[in-house]
Structure formats: C-alpha cells, structure tokens
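Notes follow the structure.
Read the figures in this text as sums done on the coordinates, not as results from a lab. Since this is a predicted model, take the numbers as computed values, not measurements. A quick note on method: Cβ atoms are made from the backbone with ideal geometry, for glycine too, and the neighbour counts reach across all protein chains shown.
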Amino acid sequence: MAEDELPPLVPRPVWFLLALAGALAVAYFVAQHRAKPQAAMAIAFLYLWWFVRRMALTVQDRVIRLEMRLRLRDVLPASLH
C-alpha cells in the first residue's frame, strides 16, 4: 500500500470525518487553555493542509489522464480517439 493510499474498505468520507473530529478535539483542548488565537490558527492550518492536498491530488489526476490519452493515441486507430 502506498504511503498516501487509504486502507481498503474504509470510505474516504469516514477518514475525513475522523480527521475533522481530531481537529475539533485539538481546537477544544486549546480553547480550554485560554489559547483561542492558537486554536483558530490550528483550524486554519488544518483547512489549508486539506485544501492544498486536494488541489495536488486534482492536478495529479489530470496529469495521469493526459498521459493515458497520449498513450492511447499512439496505440488506438484514429477513428477511436
């Protein structure tokens, strides 16, 4: 299994909800210790990490599709591409 690959039989939304619960637990803990600006920063960094990761995966998917299209263009007859 690749490093960034999810374990089998566990839907991606479940992993997202687990990560969100962890982030909220950390934010709650920090807020209880009178560190509200740090809690806001922690949540902001977690959101930023998720957003950047999602963009990177989108670009990776596009590159893979482009590579497959280029390979198929060489293999398939002209009427199929």
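Odds and ends about this structure:
- Potential lengthening between LEU48 and SER79 on full extension [0.36 nm per residue; Cα-Cα distance subtracted]: 6.7 nm
- Other residues whose C-beta falls under 14 angstrom from the C-beta of MET68 contribute a net charge of +2, scoring Lys and Arg +1 and Asp and Glu -1.
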